[in-house]
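Student: First the structure, then my questions, so here it is.
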Amino acid sequence: MEILYIGSFYPEDRFDEIWQNSKQHYVATTVFQRALIKGWEENNYKNVTVLTFPMIGSFPKRYDKLYFKRSLLFSINKESVCEGFLNLPVIKHIDIFFKTKRYINKWVKKNKDYKKVIIINSMALNIMKAAIDIKNKYPDVKICLSILDLPEFSNSKSSNYKTKIINFSVKKSFDFLKYIDSYILISSAIYDKINIKNKPWMLLEGIYLPSDRVSIHHIPSDKVIILYTGSLHLKYGIEDLLLAFDKINNKNYELRICGDGDGKTLINEYVARNNRIKFLGMLKHAEVLEQQKDATLLVNPRRASEEYTKYSFPSKTIEYMASGTPVIMHKLEGIPAEYYEHLIFTESSSIDDLYNTMSVWGEKPKEDLENLGLKAKKFILDNKTAFKQSQRVMEFLSQN
(Lines give C-alpha, C1' and ligand atoms only; values in the text may rest on other atoms or scores of the structure.)
Protein backbone atom coordinates (compact mmCIF):
# COMPACT_ATOMS: atom_id res chain seq x y z
CA MET A 1 0.00 0.00 0.00
CA GLU A 2 1.23 3.48 -0.95
CA ILE A 3 -0.15 6.60 0.69
CA LEU A 4 -0.15 10.19 -0.56
CA TYR A 5 -0.93 12.68 2.22
CA ILE A 6 -2.03 16.11 0.95
CA GLY A 7 -1.86 18.71 3.70
CA SER A 8 -1.65 22.42 4.46
CA PHE A 9 0.95 22.52 7.22
CA TYR A 10 4.05 24.70 7.56
CA PRO A 11 7.29 22.69 7.04
CA GLU A 12 9.45 22.84 10.15
CA ASP A 13 12.47 24.26 8.31
CA ARG A 14 10.36 27.12 6.84
CA PHE A 15 8.34 27.99 9.91
CA ASP A 16 10.27 31.21 10.69
CA GLU A 17 10.03 32.37 7.07
CA ILE A 18 6.26 31.86 6.96
CA TRP A 19 5.78 33.37 10.42
CA GLN A 20 7.69 36.55 9.51
CA ASN A 21 5.78 37.08 6.27
CA SER A 22 2.31 36.27 7.65
CA LYS A 23 -0.21 38.73 9.06
CA GLN A 24 -2.32 35.85 10.37
CA HIS A 25 -1.23 32.39 11.46
CA TYR A 26 -2.76 28.90 11.29
CA VAL A 27 -0.87 27.08 14.02
CA ALA A 28 -3.40 24.46 15.16
CA THR A 29 -3.79 22.74 11.79
CA THR A 30 0.00 22.72 11.31
CA VAL A 31 0.58 21.12 14.73
CA PHE A 32 -1.98 18.35 14.06
CA GLN A 33 -0.66 17.47 10.60
CA ARG A 34 3.01 17.57 11.52
CA ALA A 35 2.32 15.35 14.51
CA LEU A 36 0.67 12.72 12.29
CA ILE A 37 3.57 12.79 9.82
CA LYS A 38 6.11 12.66 12.65
CA GLY A 39 4.31 9.60 13.99
CA TRP A 40 4.68 7.85 10.63
CA GLU A 41 8.37 8.75 10.67
CA GLU A 42 8.76 7.31 14.19
CA ASN A 43 7.09 4.10 12.99
CA ASN A 44 9.46 4.03 10.00
CA TYR A 45 6.64 3.81 7.46
CA LYS A 46 8.37 4.26 4.09
CA ASN A 47 5.17 4.05 2.05
CA VAL A 48 3.99 7.61 2.75
CA THR A 49 4.58 10.53 0.37
CA VAL A 50 3.68 14.02 1.59
CA LEU A 51 2.52 17.03 -0.43
CA THR A 52 1.71 20.28 1.36
CA PHE A 53 0.45 23.68 0.30
CA PRO A 54 0.94 25.75 3.48
CA MET A 55 -2.18 27.56 4.65
CA ILE A 56 -1.12 31.19 4.41
CA GLY A 57 -2.97 34.44 3.78
CA SER A 58 -2.99 35.97 0.29
CA PHE A 59 -0.64 38.68 -0.95
CA PRO A 60 -0.61 41.60 -0.24
CA LYS A 61 -3.08 41.94 2.67
CA ARG A 62 -2.23 38.82 4.66
CA TYR A 63 1.17 37.71 3.34
CA ASP A 64 4.21 39.72 2.26
CA LYS A 65 5.34 37.59 -0.69
CA LEU A 66 3.59 37.33 -4.06
CA TYR A 67 4.95 33.87 -4.78
CA PHE A 68 5.40 31.07 -2.27
CA LYS A 69 8.46 29.08 -3.33
CA ARG A 70 8.64 25.33 -3.73
CA SER A 71 10.94 23.25 -1.51
CA LEU A 72 11.65 19.61 -0.73
CA LEU A 73 10.27 18.15 2.48
CA PHE A 74 12.76 16.39 4.71
CA SER A 75 10.19 13.77 5.55
CA ILE A 76 9.54 10.05 5.20
CA ASN A 77 9.86 9.91 1.43
CA LYS A 78 12.35 11.79 -0.76
CA GLU A 79 9.50 12.53 -3.18
CA SER A 80 7.73 14.67 -0.54
CA VAL A 81 7.28 18.32 -1.45
CA CYS A 82 6.17 21.67 -0.08
CA GLU A 83 4.73 22.99 -3.32
CA GLY A 84 4.96 26.60 -4.49
CA PHE A 85 2.08 28.68 -5.78
CA LEU A 86 1.10 32.17 -6.92
CA ASN A 87 -0.25 33.69 -3.73
CA LEU A 88 -3.05 35.91 -5.01
CA PRO A 89 -6.72 35.73 -3.97
CA VAL A 90 -8.71 33.21 -6.07
CA ILE A 91 -5.74 32.62 -8.41
CA LYS A 92 -3.87 30.70 -5.70
CA HIS A 93 -6.71 28.17 -5.43
CA ILE A 94 -6.69 27.58 -9.20
CA ASP A 95 -2.90 27.24 -9.22
CA ILE A 96 -3.03 24.77 -6.32
CA PHE A 97 -5.72 22.73 -8.12
CA PHE A 98 -3.60 22.19 -11.25
CA LYS A 99 -0.40 21.48 -9.32
CA THR A 100 -2.19 18.99 -7.07
CA LYS A 101 -3.70 17.20 -10.02
CA ARG A 102 -0.35 17.03 -11.81
CA TYR A 103 1.42 15.70 -8.72
CA ILE A 104 -1.22 13.04 -8.00
CA ASN A 105 -1.18 11.86 -11.60
CA LYS A 106 2.60 11.40 -11.48
CA TRP A 107 2.37 9.60 -8.12
CA VAL A 108 -0.34 7.21 -9.36
CA LYS A 109 1.68 6.23 -12.43
CA LYS A 110 4.77 5.59 -10.32
CA ASN A 111 2.81 3.32 -7.95
CA LYS A 112 0.60 1.57 -10.49
CA ASP A 113 1.34 -1.90 -9.06
CA TYR A 114 0.31 -1.07 -5.47
CA LYS A 115 -2.85 -0.30 -3.53
CA LYS A 116 -3.04 3.50 -3.53
CA VAL A 117 -4.69 5.74 -0.93
CA ILE A 118 -4.83 9.54 -1.05
CA ILE A 119 -5.47 11.28 2.28
CA ILE A 120 -6.91 14.77 1.88
CA ASN A 121 -6.52 16.85 5.00
CA SER A 122 -9.61 19.07 4.63
CA MET A 123 -12.73 19.72 2.59
CA ALA A 124 -10.85 22.27 0.44
CA LEU A 125 -12.74 22.34 -2.83
CA ASN A 126 -9.71 22.57 -5.14
CA ILE A 127 -7.85 19.68 -3.50
CA MET A 128 -10.94 17.46 -3.46
CA LYS A 129 -11.66 18.20 -7.13
CA ALA A 130 -8.08 17.38 -8.15
CA ALA A 131 -8.12 14.05 -6.31
CA ILE A 132 -11.56 13.11 -7.63
CA ASP A 133 -10.52 13.90 -11.22
CA ILE A 134 -7.64 11.44 -10.85
CA LYS A 135 -9.90 8.84 -9.20
CA ASN A 136 -12.28 9.05 -12.16
CA LYS A 137 -9.30 8.36 -14.43
CA TYR A 138 -7.88 5.59 -12.20
CA PRO A 139 -10.82 3.96 -10.32
CA ASP A 140 -8.53 1.79 -8.18
CA VAL A 141 -7.31 4.90 -6.32
CA LYS A 142 -8.91 5.27 -2.88
CA ILE A 143 -9.59 8.67 -1.27
CA CYS A 144 -9.66 9.10 2.51
CA LEU A 145 -10.93 12.46 3.72
CA SER A 146 -9.63 13.76 7.04
CA ILE A 147 -12.07 16.32 8.49
CA LEU A 148 -10.67 18.54 11.25
CA ASP A 149 -13.57 20.97 11.04
CA LEU A 150 -16.62 21.56 8.87
CA PRO A 151 -16.22 24.43 6.38
CA GLU A 152 -19.47 26.16 7.34
CA PHE A 153 -18.18 26.62 10.91
CA SER A 154 -14.55 27.47 10.18
CA ASN A 155 -14.92 30.96 8.65
CA SER A 156 -15.11 34.31 10.44
CA LYS A 157 -17.44 37.12 9.43
CA SER A 158 -17.00 38.04 5.74
CA SER A 159 -18.43 40.38 3.14
CA ASN A 160 -21.62 39.34 1.33
CA TYR A 161 -19.61 38.57 -1.81
CA LYS A 162 -17.12 36.39 0.04
CA THR A 163 -19.93 34.69 1.98
CA LYS A 164 -21.58 33.70 -1.32
CA ILE A 165 -18.31 32.18 -2.55
CA ILE A 166 -17.85 30.30 0.74
CA ASN A 167 -21.42 28.97 0.62
CA PHE A 168 -20.91 27.78 -2.96
CA SER A 169 -17.65 26.05 -1.99
CA VAL A 170 -19.29 24.36 0.99
CA LYS A 171 -22.14 23.03 -1.15
CA LYS A 172 -19.78 21.69 -3.80
CA SER A 173 -17.54 20.10 -1.16
CA PHE A 174 -20.52 18.22 0.24
CA ASP A 175 -21.52 17.15 -3.28
CA PHE A 176 -18.06 15.63 -3.71
CA LEU A 177 -18.44 13.39 -0.66
CA LYS A 178 -20.02 10.66 -2.78
CA TYR A 179 -16.57 10.03 -4.26
CA ILE A 180 -14.87 9.56 -0.88
CA ASP A 181 -14.05 5.99 0.16
CA SER A 182 -13.26 6.44 3.86
CA TYR A 183 -13.05 9.12 6.55
CA ILE A 184 -10.89 10.24 9.47
CA LEU A 185 -13.07 12.39 11.74
CA ILE A 186 -12.17 14.72 14.57
CA SER A 187 -15.63 14.25 16.12
CA SER A 188 -18.09 11.36 15.94
CA ALA A 189 -20.95 13.87 15.42
CA ILE A 190 -19.59 14.58 11.94
CA TYR A 191 -20.60 11.03 11.01
CA ASP A 192 -24.29 11.99 11.13
CA LYS A 193 -23.78 15.51 9.80
CA ILE A 194 -22.24 14.47 6.48
CA ASN A 195 -24.30 11.29 6.02
CA ILE A 196 -21.43 8.83 5.66
CA LYS A 197 -23.83 5.89 5.47
CA ASN A 198 -21.90 2.60 5.32
CA LYS A 199 -18.47 3.95 4.47
CA PRO A 200 -15.64 3.14 6.91
CA TRP A 201 -14.46 5.85 9.30
CA MET A 202 -12.31 6.30 12.36
CA LEU A 203 -12.18 8.87 15.16
CA LEU A 204 -8.93 10.84 15.47
CA GLU A 205 -9.65 13.78 17.76
CA GLY A 206 -6.06 14.79 18.37
CA ILE A 207 -2.37 13.89 18.33
CA TYR A 208 0.42 14.78 20.72
CA LEU A 209 4.13 15.05 20.02
CA PRO A 210 6.01 14.33 23.27
CA SER A 211 9.10 16.08 21.90
CA ASP A 212 7.15 19.34 21.97
CA ARG A 213 7.43 19.42 25.76
CA VAL A 214 10.89 19.40 27.29
CA SER A 215 10.37 21.24 30.59
CA ILE A 216 8.82 19.98 33.80
CA HIS A 217 5.63 21.66 34.99
CA HIS A 218 5.61 23.45 38.32
CA ILE A 219 2.77 25.16 40.19
CA PRO A 220 3.54 28.85 40.88
CA SER A 221 3.52 29.51 44.62
CA ASP A 222 3.07 33.29 44.79
CA LYS A 223 0.34 33.80 42.16
CA VAL A 224 -2.62 32.03 40.62
CA ILE A 225 -1.88 32.30 36.90
CA ILE A 226 -4.82 31.50 34.62
CA LEU A 227 -3.81 31.11 30.99
CA TYR A 228 -5.65 31.00 27.67
CA THR A 229 -3.79 30.25 24.44
CA GLY A 230 -5.35 30.01 21.00
CA SER A 231 -7.75 31.80 18.68
CA LEU A 232 -9.06 35.11 20.02
CA HIS A 233 -12.18 35.19 17.87
CA LEU A 234 -15.12 36.38 19.93
CA LYS A 235 -17.20 33.34 18.96
CA TYR A 236 -14.83 31.21 21.07
CA GLY A 237 -15.91 32.86 24.33
CA ILE A 238 -13.06 35.32 24.93
CA GLU A 239 -15.44 37.97 26.27
CA ASP A 240 -16.91 35.42 28.71
CA LEU A 241 -13.41 34.72 30.04
CA LEU A 242 -12.68 38.42 30.52
CA LEU A 243 -15.99 39.03 32.29
CA ALA A 244 -15.55 35.98 34.51
CA PHE A 245 -12.01 36.91 35.49
CA ASP A 246 -13.06 40.50 36.19
CA LYS A 247 -15.34 39.11 38.93
CA ILE A 248 -12.36 37.63 40.81
CA ASN A 249 -11.50 40.14 43.53
CA ASN A 250 -8.07 38.83 44.47
CA LYS A 251 -4.82 40.63 43.61
CA ASN A 252 -2.90 37.33 43.51
CA TYR A 253 -4.83 36.16 40.44
CA GLU A 254 -3.45 36.93 36.98
CA LEU A 255 -4.99 36.22 33.57
CA ARG A 256 -2.62 35.75 30.64
CA ILE A 257 -3.89 35.58 27.07
CA CYS A 258 -1.90 34.53 23.96
CA GLY A 259 -3.15 34.43 20.39
CA ASP A 260 -4.72 36.39 17.56
CA GLY A 261 -8.25 37.13 16.36
CA ASP A 262 -11.05 39.69 16.28
CA GLY A 263 -11.21 39.84 20.09
CA LYS A 264 -7.87 41.68 20.41
CA THR A 265 -9.47 45.13 20.68
CA LEU A 266 -11.74 44.01 23.51
CA ILE A 267 -8.83 42.34 25.31
CA ASN A 268 -6.76 45.52 25.15
CA GLU A 269 -9.69 47.46 26.65
CA TYR A 270 -9.69 45.10 29.65
CA VAL A 271 -5.90 45.25 29.93
CA ALA A 272 -6.08 49.05 30.13
CA ARG A 273 -8.38 48.97 33.16
CA ASN A 274 -7.26 45.77 34.94
CA ASN A 275 -3.52 45.37 35.54
CA ARG A 276 -4.01 41.68 36.45
CA ILE A 277 -4.83 40.91 32.80
CA LYS A 278 -1.80 40.43 30.53
CA PHE A 279 -2.06 40.18 26.74
CA LEU A 280 1.06 38.50 25.35
CA GLY A 281 0.06 38.62 21.67
CA MET A 282 0.81 35.95 19.08
CA LEU A 283 3.64 33.73 20.33
CA LYS A 284 5.56 30.97 18.62
CA HIS A 285 4.45 27.46 19.54
CA ALA A 286 7.51 26.74 21.72
CA GLU A 287 6.82 29.93 23.68
CA VAL A 288 3.17 28.96 24.14
CA LEU A 289 4.24 25.60 25.59
CA GLU A 290 6.45 27.36 28.12
CA GLN A 291 3.56 29.61 29.18
CA GLN A 292 1.34 26.57 29.68
CA LYS A 293 3.97 24.91 31.85
CA ASP A 294 4.27 27.98 34.08
CA ALA A 295 0.51 28.48 34.66
CA THR A 296 -1.62 27.38 37.62
CA LEU A 297 -4.71 26.68 35.50
CA LEU A 298 -5.38 26.52 31.79
CA VAL A 299 -8.80 27.61 30.54
CA ASN A 300 -10.88 27.19 27.40
CA PRO A 301 -14.01 29.41 27.47
CA ARG A 302 -15.57 27.93 24.32
CA ARG A 303 -19.32 27.69 25.01
CA ALA A 304 -21.03 24.31 24.96
CA SER A 305 -24.22 25.95 23.61
CA GLU A 306 -22.65 26.70 20.20
CA GLU A 307 -23.60 24.18 17.49
CA TYR A 308 -20.10 23.93 16.02
CA THR A 309 -18.73 22.42 19.25
CA LYS A 310 -20.44 19.12 18.36
CA TYR A 311 -18.34 18.86 15.23
CA SER A 312 -14.94 19.83 16.61
CA PHE A 313 -12.36 18.90 19.19
CA PRO A 314 -10.42 21.92 20.48
CA SER A 315 -6.83 21.14 19.51
CA LYS A 316 -5.58 22.93 22.61
CA THR A 317 -7.23 20.28 24.84
CA ILE A 318 -4.54 17.64 24.25
CA GLU A 319 -1.78 20.24 24.31
CA TYR A 320 -3.16 21.70 27.55
CA MET A 321 -3.42 18.28 29.21
CA ALA A 322 0.09 17.27 28.16
CA SER A 323 1.51 20.30 29.99
CA GLY A 324 0.66 18.79 33.36
CA THR A 325 -1.37 21.90 34.22
CA PRO A 326 -5.06 21.37 35.20
CA VAL A 327 -7.57 22.35 32.51
CA ILE A 328 -10.87 24.21 33.04
CA MET A 329 -13.47 24.15 30.27
CA HIS A 330 -17.15 23.78 29.49
CA LYS A 331 -18.37 20.25 28.73
CA LEU A 332 -18.37 20.31 24.93
CA GLU A 333 -20.18 17.63 22.92
CA GLY A 334 -17.11 16.99 20.77
CA ILE A 335 -15.05 15.80 23.75
CA PRO A 336 -15.01 11.96 24.01
CA ALA A 337 -16.07 10.52 27.38
CA GLU A 338 -12.61 9.04 28.06
CA TYR A 339 -11.34 12.59 28.71
CA TYR A 340 -13.93 13.55 31.32
CA GLU A 341 -12.11 12.41 34.47
CA HIS A 342 -9.01 14.36 33.45
CA LEU A 343 -10.69 17.74 32.93
CA ILE A 344 -12.37 20.32 35.18
CA PHE A 345 -15.84 21.09 33.82
CA THR A 346 -17.98 24.08 34.73
CA GLU A 347 -21.59 23.45 35.82
CA SER A 348 -22.87 25.32 32.75
CA SER A 349 -21.61 27.67 30.04
CA SER A 350 -22.56 30.76 32.07
CA ILE A 351 -20.07 33.47 33.01
CA ASP A 352 -20.88 32.97 36.70
CA ASP A 353 -20.06 29.25 36.54
CA LEU A 354 -16.79 29.97 34.75
CA TYR A 355 -15.94 32.52 37.47
CA ASN A 356 -16.89 30.08 40.25
CA THR A 357 -14.81 27.25 38.78
CA MET A 358 -11.71 29.40 38.33
CA SER A 359 -12.12 30.78 41.87
CA VAL A 360 -12.60 27.38 43.52
CA TRP A 361 -9.73 25.66 41.70
CA GLY A 362 -7.44 28.64 42.16
CA GLU A 363 -7.63 27.99 45.92
CA LYS A 364 -7.03 24.23 45.74
CA PRO A 365 -3.93 22.82 47.49
CA LYS A 366 -0.85 22.54 45.32
CA GLU A 367 -0.90 18.74 45.69
CA ASP A 368 -4.46 18.48 44.29
CA LEU A 369 -3.52 20.55 41.26
CA GLU A 370 -0.36 18.55 40.61
CA ASN A 371 -2.17 15.20 40.95
CA LEU A 372 -4.90 16.12 38.46
CA GLY A 373 -2.40 17.64 36.03
CA LEU A 374 -0.06 14.65 36.13
CA LYS A 375 -2.90 12.14 35.63
CA ALA A 376 -4.12 14.09 32.60
CA LYS A 377 -0.59 14.18 31.21
CA LYS A 378 -0.17 10.43 31.71
CA PHE A 379 -3.45 9.79 29.89
CA ILE A 380 -2.18 11.72 26.87
CA LEU A 381 1.27 10.09 26.88
CA ASP A 382 -0.26 6.61 27.22
CA ASN A 383 -2.93 7.00 24.54
CA LYS A 384 -2.61 10.01 22.24
CA THR A 385 1.01 10.25 21.12
CA ALA A 386 1.95 10.67 17.48
CA PHE A 387 3.54 7.21 17.49
CA LYS A 388 0.33 5.49 18.62
CA GLN A 389 -2.20 7.61 16.73
CA SER A 390 -0.33 7.26 13.43
CA GLN A 391 -0.30 3.49 13.92
CA ARG A 392 -4.08 3.55 14.28
CA VAL A 393 -4.43 5.52 11.04
CA MET A 394 -2.19 3.10 9.14
CA GLU A 395 -4.11 0.07 10.45
CA PHE A 396 -7.40 1.69 9.45
CA LEU A 397 -6.19 2.40 5.91
CA SER A 398 -4.79 -1.13 5.55
CA GLN A 399 -8.13 -2.66 6.47
CA ASN A 400 -10.19 -0.39 4.22
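Student: Mind listing whichever residues of segment 214-232 are at pLDDT below 90 and open to solvent by less than 30 Å² (accessible area, probe 1.4 Å)?
Tutor: Those that are at pLDDT below 90 and open to solvent by less than 30 Å² (accessible area, probe 1.4 Å): Ile219, Pro220.
Student: Would you please name the residue that is least open to solvent (accessible area, probe 1.4 Å), looking only at residues in segment 99-125 that are assigned to a helix (DSSP H, G or I) and over 22 Å from Lys178 (Cα atoms)?
Tutor: Among them, the one singled out is Trp107.
Student: A further question follows. Mind checking which pairs have a first residue in segment 260-271 that is over 22 Å from Ala28 (Cβ atoms) and a second that is open to solvent by 40 Å² or more (accessible area, probe 1.4 Å), Cβ under 8 Å, 6 or more apart or different chains?
Tutor: Filtered contacts from segment 260-271: Asn268/Phe279; Tyr270/Asp246; Val271/Lys278; Val271/Phe279.
Student: Let me ask something else about it. Only residues that are buried (at least 19 other Cβ atoms within 10 Å of the Cβ) and over 24 Å from Glu205 (Cα atoms): list them for segment 16-52, please.
Tutor: Result: Ile18, Ser22.
Student: Could you count how many residues in segment 301-343 are small (Gly, Ala, Ser), under 18 Å from Phe32 (Cα atoms) and not in a loop (DSSP other than H, G, I, E, B)?
Tutor: Residues that pass the stated criteria total 1.
Student: Determine whether Asp95 is closer than 17 Å to His25 by Cα and out of contact with any Pro (no Cβ under 9 Å at 6 or more places or on another chain).
Tutor: For Asp95, the condition - closer than 17 Å to His25 by Cα and out of contact with any Pro (no Cβ under 9 Å at 6 or more places or on another chain) - is not met.
Student: Tell me, yes or no, whether segment 296-317 has at least one residue that is at positive phi, small (Gly, Ala, Ser) and buried (at least 22 other Cβ atoms within 10 Å of the Cβ).
Tutor: Checked segment 296-317: no residue is at positive phi, small (Gly, Ala, Ser) and buried (at least 22 other Cβ atoms within 10 Å of the Cβ).
Student: Condition check: under 30 Å from Leu203 (Cβ atoms) and open to solvent by 50 Å² or more (accessible area, probe 1.4 Å). Does Lys251 satisfy that?
Tutor: no
Student: Let me ask something else about it. Take the conditions in contact with a Ser or Thr (Cβ under 7 Å, 6 or more places away or on another chain) and farther than 25 Å from Asn21 by Cα and apply them to Ile127. Does it pass?
Tutor: no
Student: Only one of Thr30, Thr100 is modelled with pLDDT under 95 and β-branched (Val, Ile, Thr). Can you tell me which?
Tutor: Selected residue: Thr30, the only one of Thr30, Thr100 that is modelled with pLDDT under 95 and β-branched (Val, Ile, Thr).
Student: Across segment 103-147, what is the total count of residues that are touching a Pro at 6+ places or on another chain (Cβ under 9 Å) and of a type in the set (Gly, Ala, Ser)?
Tutor: 2
Student: Kindly establish whether Val288 is over 19 Å from Leu242 (Cα atoms) and either modelled with pLDDT of 95 or more or open to solvent by 10 Å² or more (accessible area, probe 1.4 Å) (or both).
Tutor: Yes.
Student: Another question, if that's okay. For Met128, are the conditions met, namely being touching a residue at least 24 places away in the same chain (Cβ under 8 Å), open to solvent by less than 20 Å² (accessible area, probe 1.4 Å) and in a loop (DSSP other than H, G, I, E, B)?
Tutor: Against the criterion (touching a residue at least 24 places away in the same chain (Cβ under 8 Å), open to solvent by less than 20 Å² (accessible area, probe 1.4 Å) and in a loop (DSSP other than H, G, I, E, B)), Met128 does not qualify.
Student: Among (1) part of a loop (DSSP other than H, G, I, E, B); (2) in contact with a strand residue (DSSP E or B) (Cβ under 9 Å, 6 or more places away or on another chain); (3) modelled with pLDDT of 95 or more, there is one condition Lys92 misses while meeting the rest; what is its number?
Tutor: Status for Lys92: all satisfied but (1).
Student: For segment 187-206, what are the residues that are among the aliphatic types (A, V, I, L, M), modelled with pLDDT of 95 or more and open to solvent by less than 40 Å² (accessible area, probe 1.4 Å)?
Tutor: Met202, Leu204
Student: Under 9 Å by Cβ, and 6 or more places apart or on different chains, what pairs join a residue from segment 183-194 that is more than 20 Å from Asn400 (Cα to Cα) with one that is of a type in the set (Lys, Arg) and in a helix (DSSP H, G or I)?
Tutor: Every condition considered, the pairs that remain are Ala189/Lys310; Lys193/Lys310.
Student: If you check Ile3 against the conditions, is it in a loop (DSSP other than H, G, I, E, B) and in contact with a helix residue (DSSP H, G or I) (Cβ under 8 Å, 6 or more places away or on another chain)?
Tutor: no
Student: Now, a different point. Residue check: is Asn356 without any contact (Cβ under 8 Å) to a residue 12 or more places away in the chain, part of a loop (DSSP other than H, G, I, E, B) and over 26 Å from Arg62 (Cβ atoms)?
Tutor: So Asn356 fails the test.
Student: Quick check on my filter: what residues within segment 359-400 are crowded, with 17+ Cβ neighbours inside 10 Å, in contact with a Pro (Cβ under 7 Å, 6 or more places away or on another chain) and not in a helix (DSSP H, G or I)?
Tutor: Correct list: Thr385 only.
Student: How about segment 6-60: which of its residues are assigned to a loop (DSSP other than H, G, I, E, B) and aliphatic (A, V, I, L, M)?
Tutor: If the condition is that a residue be assigned to a loop (DSSP other than H, G, I, E, B) and aliphatic (A, V, I, L, M), then Met55, Ile56 are the ones that fit.
Student: Scan segment 319-333 and tell me whether some residue there is loosely packed, with under 14 Cβ neighbours inside 10 Å and within 22 Å of the chain's Cα centre (by Cα).
Tutor: So far as segment 319-333 goes, no, none of its residues is loosely packed, with under 14 Cβ neighbours inside 10 Å and within 22 Å of the chain's Cα centre (by Cα).
Student: Within segment 232-249, can you find the residues that are in contact (Cβ under 8 Å) with a residue 60 or more places away in the chain, of a type outside the set (Val, Ile, Thr) and touching a helix residue (DSSP H, G or I) at 6+ places or on another chain (Cβ under 9 Å)?
Tutor: If the condition is that a residue be in contact (Cβ under 8 Å) with a residue 60 or more places away in the chain, of a type outside the set (Val, Ile, Thr) and touching a helix residue (DSSP H, G or I) at 6+ places or on another chain (Cβ under 9 Å), then Lys235, Gly237, Asp240, Leu241, Leu243, Ala244, Phe245, Lys247 are the ones that fit.
The values are calculated or read from the model by the stated rules, or taken from the named source; none is laboratory data. Only a predicted model underlies this, so the values are computations on that prediction, with no experimental measurement involved. Counting neighbours? That spans all protein chains shown, and the Cβs are built from the backbone with ideal geometry, glycine included. Accessible surface areas use protein heavy atoms only, side chains included; no ligands, DNA or RNA. Shrake-Rupley method; radii C 1.70, N 1.55, O 1.52, S 1.80 Å.
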